[in-house]
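A.B. asks: Structure below; questions to follow.
The values are calculated or read from the model by the stated rules, or taken from the named source; none is laboratory data. Since the model is a prediction, treat every value here as computed from it, not as a measurement. Backbone-built Cβ (ideal geometry, glycine too); neighbour counts: all protein chains shown. With ligands, DNA and RNA removed, areas are computed over all heavy atoms of the protein, side chains included. Shrake-Rupley method; radii C 1.70, N 1.55, O 1.52, S 1.80 Å.
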Amino acid sequence: CVPIVAETEATAMADIREAAMQGAGMVEIRFDFLRTKVEDIGLRSIPLLLSVCRGVGLPVLATFRPRWEDPNAGYSGQDEPRLQALQLAGHHGAAFVDVERKSMPMWKALGGMPRGMRAPARLVVSDHNFERLDSLDELRALAAEMRKLAGPEGVVKIAQSCGEDITAAARMATLAATTAGPMVCLAMGQGGMFTRILAPKFGALFTFGCLTGKRSAPGQPTVGQMIEEFRVADMTRDTKVLALCTRVKSNRLLTSPSSGRLCTVANAGLAAASVDAMCVPIQLPTGCMREEFEDLLPPGTFVALMMDPIVVTSRLDKAADIYRQVAGAPPGGEALAAMDRSAQ
């Protein structure tokens, strides 16, 4: 799912078309970012942008986030008109409508989800914390409360900030893998990037990848990385994953010279050979052993955890070793050729 965070309708339309060209499976239109009166969003922007999405074959997650929920959101007005706008989005054919947990009493008082002109939208009950990530017991209690609000067919979406703390992010992965019902559980921040990449393996209904330079939350990979490098569209709970761990701090983990690039090269070979497996970089904090991190995760998350080499004399040879570890066999000619091209 690609977030559309444009400030104008023209830019939003261009971004929707770009998302479709890059292979997105859905777009989240963040109506709160539009520099338009809330009344005009309901009367004009919603039918216009949903029509563009239908034209390129993309289902829509409609979101109108208030700033009291997300400090980076674009809307600070009254709640009633934005919730009414979301009802219009459901009426005009949005596949999903996102309503914050704290907004649910007003949402229900306004009549809840309308019956649309097309298939009825599914409700997403969301909760965000940009300051901390709760304990596992707190997360489970929150998920149970939200499931009652969403109902059996609704989606529970929980996103909380872990910063660079991968051990905190592991709690979110455990929640996702052990909680029944349609869910999306994400740890925001670089430490939680693996919860976004591996969301389908943990059972998430969908995950997020942004257009370059247009993320809606911390730690979002690009849609190109998610689709081409990590093949999230084909990922299942059975996909084999190897974690390439590093202690080298980087603000761009997925493109770092060591672990990030090695994963890219290995994944190119795995994709070329159609192996249901992939490699993901993990940045281990000082004092955290890889075995300790693995123990915090749902059983079977990784087939192996490797430490990245301090010095890489041959990126292709090291990537071939990673391929062998996760695939259980050495790369063949087609895989080696793909890795060689990626390593250039």
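A.B. asks: So, R0 is 30 Å and r is the distance between the beta-carbons of residue 76 and residue 108; what FRET efficiency does that work out to, to 0.05?
C.D. replies: On the way: r = 23 Å, r/R0 = 0.77.
In this case the efficiency is close to 0.85.
A.B. asks: Hey, another quick one. Residue 25: net charge of surrounding residues, Cβ under 13 Å, Lys/Arg +1, Asp/Glu -1, itself excluded? Can you show the working numbers first?
C.D. replies: Numbers: positive: 231; negative: 28, 234.
Charge balance in the 13 Å sphere: -1.
A.B. asks: Next up: So which of 201/318; 214/318; 214/240; 157/201 end up more than 21 Å apart by C-alpha? Provide the component values of the computation, followed by the final result.
C.D. replies: Values: 201/318 25 Å; 214/318 33 Å; 214/240 30 Å; 157/201 16 Å.
Beyond 21 Å between Cα atoms: 201/318; 214/318; 214/240.
A.B. asks: Still on this structure, please answer the following. So for the pair residue 212, residue 303, with labels modelled 7 Å out along Cα→Cβ, what separation do we get in nm?
C.D. replies: 3.2 nm
A.B. asks: Compare the peptides 14-22, 296-304, 181-189 by average per-residue count of other Cβ atoms within 10 angstrom and give them in order, highest first.
C.D. replies: Details: 14-22: 18.1, 296-304: 16.3, 181-189: 23.0.
The peptides rank, most packed first, as 181-189, 14-22, 296-304.
A.B. asks: While we're here: Put a dot 7 Å past each Cα toward the Cβ at residue 288 and residue 145; how far apart are the dots in nm?
C.D. replies: Distance between label points: 2.6 nm.
A.B. asks: Still on this model: Translational diffusion coefficient of the range 132-200 at 25 °C, 0.890 mPa s, Stokes-Einstein with Kirkwood Rh over Cα pairs, in µm²/s as a whole number.
C.D. replies: Using the Kirkwood radius from Cα pairs, D works out to 208 µm²/s.
A.B. asks: When the accessible area of the range 6-120 is computed with all protein chains present and a 1.4 Å probe, what percentage of it is carbon and sulfur?
C.D. replies: 53 percent
A.B. asks: Heavy-atom accessible area per residue, the chain, 1.4 Å probe: how many Å²? Provide the component values of the computation, followed by the final result.
C.D. replies: On the way: 14440 Å² over 344 residues.
Ligands and nucleic acids excluded, the result is 42 Å² per residue.
A.B. asks: Measuring from label point to label point, each 7 Å out along Cα→Cβ, what is the residue 324 to residue 276 span in nm?
C.D. replies: Modelled inter-label distance: 2.5 nm.
A.B. asks: Okay, moving on. Can you tell me the orientation of helix 136-150 relative to the chain, as the angle in degrees between its alpha-carbon axis and the longest Cα principal axis, to the nearest 10?
C.D. replies: Tilt of helix 136-150: around 40 degrees.
A.B. asks: With a 1.4 Å probe and every protein chain kept in, tell me what percent of the accessible surface of the range 147-248 is carbon plus sulfur. If you can, show how the numbers build up before the last one.
C.D. replies: Numbers: 1810 of 3380 Å².
It is 54 percent, rounded to a whole number.
A.B. asks: Taking just the C-alpha trace of the range 151-240, give me its Rg and Dmax in Å.
C.D. replies: Final numbers for Rg and Dmax: 12.4, 36 Å.
A.B. asks: With a Förster radius of 25 Å, plug the Cβ-Cβ distance of residue 228 and residue 164 into 1/(1 + (r/R0)^6) and report the FRET value to the nearest 0.05.
C.D. replies: On the way: r = 26 Å, r/R0 = 1.02.
About 0.45, to the nearest 0.05.
A.B. asks: HN-Hα J couplings of the range 276-282 from phi, Karplus 6.51/-1.76/1.60, θ = phi - 60°, integer Hz, Gly and Pro as x?
C.D. replies: Listing the rounded values in order: 7, 7, 7, 10, 10, x, 10 Hz.
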